[in-house]
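The structure follows.
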């Protein structure tokens, strides 16, 4: 978030000293509403423009700044490709908004090859609510014991486990993620 916040500050200029505290309040409330599909991207950008006090910012520039929080992760993209190449189904289960997802779709071609996408703004519920996972299972006709799930947040892993999905916290160690998948019966190289 610091890079994205710096990008937003640069757009706002000196007019608004966008602090981490004010950004956290905005991003907590408005971002979550957008992630749940309760706030349209246009209204979200309007609220962000108001927070920045810079109505002349073009929506495309504001979107670019809002999405400037991601870095590519080639090792995980490669792992997803391996899972798919081995014939497994693979799904993205993500808390995201339409702006971030459109941006990531362009940056990460592997997303277009996944079996399915379960996005919070479409599901209208966010992790760690267990309903996020029960909706995922229902939507794709999956059985919880047949699924494995990796996430970087313990509360999301706990929610997946609460509905019977084998899950593990992924803290950046791709070798450990690969080992967890193998231990869970996923055939990969």
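The values are calculated or read from the model by the stated rules, or taken from the named source; none is laboratory data. A quick note: this is a predicted structure, and the numbers were derived from the prediction, not measured. As a convention, Cβ positions derive from the backbone with ideal geometry for all residues, glycine included, and neighbour counts pool all protein chains shown.
Identify the residue in the stretch 143-163 that is free of Cβ contacts under 8 Å to residues at least 24 places away in the same chain and surrounded by 15 or more Cβ atoms within 10 Å (Cβ to Cβ) and, among all such residues, is nearest to residue 36 (Cα to Cα).
Ranking the qualifying residues of the stretch 143-163, first place goes to 157.
Select from the stretch 107-133 the residues that are assigned to a loop (DSSP other than H, G, I, E, B) and at pLDDT 95 or above and write down the one among them that is nearest to residue 154 (Cα to Cα).
128
Six or more apart or on different chains, Cβ atoms under 7 Å: show the pairs whose first residue is in the stretch 83-99 and outside the structural domain of residue 147 (by TED's automatic domain parsing) and whose second is at pLDDT below 95 and part of a helix (DSSP H, G or I).
Hits for this filter: zero, empty list.
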